[in-house]
């Protein structure tokens with residue numbers, strides 16, 4: 001696992017379309033299916049990364065707090081499940097149910113969606129406004145495993161609150177950081 005930061009996709013980028021299987025429901029979902037009326041949060045994630053394991057409780061709280069306000073949430077794993085069996089779709093389903101995801105957990109087997117979003121690490125967070133234009137990309141907050149800094153979701157919450165208020169999130173956005181996406185060779 002290599003420590004990796006977000007690539008910071010340019011603000012204003014239109015959300016790339018996708019059509020991926022949801023490991024929990026078994027349905028194939030598109031961007032339109034998961035998009036919220038007010039905004040959409042797309043999280044590139046996986047099962048085994050200690051950075052994701054660390055932030056999962058706050059991700060669950062964020063979804064609980066913001067989905068009722070019209071924010072759509074989705075997590076996508078693009079890791080090579082052959083080399084990293086802990087990230088296989090059947091284990092993704094178990095993790096989503098165990099952790100309490102109230103949103104789809106999609107599997108990007110081809111890794112084309114992760115490449116379209118220029119995703120680099122897990123977790124990697126993106127917020128798109130109601131028009132599916134990128135308004136935030138970066139970290140959840142400044143907490144990291146074993147840092148002693150408690151999870152707050154401060155950065156992502158501030159971005160979502162700004163969107164809900166009809167404002168633009170702050171221009172100074174910090175990259176997320178975690179394990180690199182496990183790309184196929």
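The values are calculated or read from the model by the stated rules, or taken from the named source; none is laboratory data. Note that this is a predicted model, so its numbers are computed, not measured. Heads up, the Cβs are rebuilt from the backbone with ideal geometry, glycines too, and the neighbour counts pull from every protein chain shown.
Tell me which residues, restricted to segment 117-176, are buried (at least 17 other Cβ atoms within 10 Å of the Cβ), assigned to a helix (DSSP H, G or I) and in contact (Cβ under 8 Å) with a residue 60 or more places away in the chain. Matches in segment 117-176: 156, 157, 160, 163. Take residue 76 and decide whether it is within 14 Å of the chain's Cα centre (by Cα), crowded, with 22+ Cβ neighbours inside 10 Å, in a helix (DSSP H, G or I) and modelled with pLDDT of 95 or more. So residue 76 does not fit the description; no. Could you say whether any residue in segment 1-8 is in contact with a helix residue (DSSP H, G or I) (Cβ under 9 Å, 6 or more places away or on another chain) and buried (at least 23 other Cβ atoms within 10 Å of the Cβ)? Checked segment 1-8: no residue is in contact with a helix residue (DSSP H, G or I) (Cβ under 9 Å, 6 or more places away or on another chain) and buried (at least 23 other Cβ atoms within 10 Å of the Cβ). When segment 24-47 is filtered for residues that are within 25 Å of residue 7 (Cβ to Cβ), in a loop (DSSP other than H, G, I, E, B) and touching a helix residue (DSSP H, G or I) at 6+ places or on another chain (Cβ under 7 Å), the ones remaining, listed by number, are 46, 47. For segment 83-97, taking the residues that are free of Cβ contacts under 8 Å to residues at least 60 places away in the same chain and either within 23 Å of residue 153 (Cα to Cα) or not in a helix (DSSP H, G or I) (or both), the one that is farthest from the chain's Cα centre (by Cα) is identified as 88.
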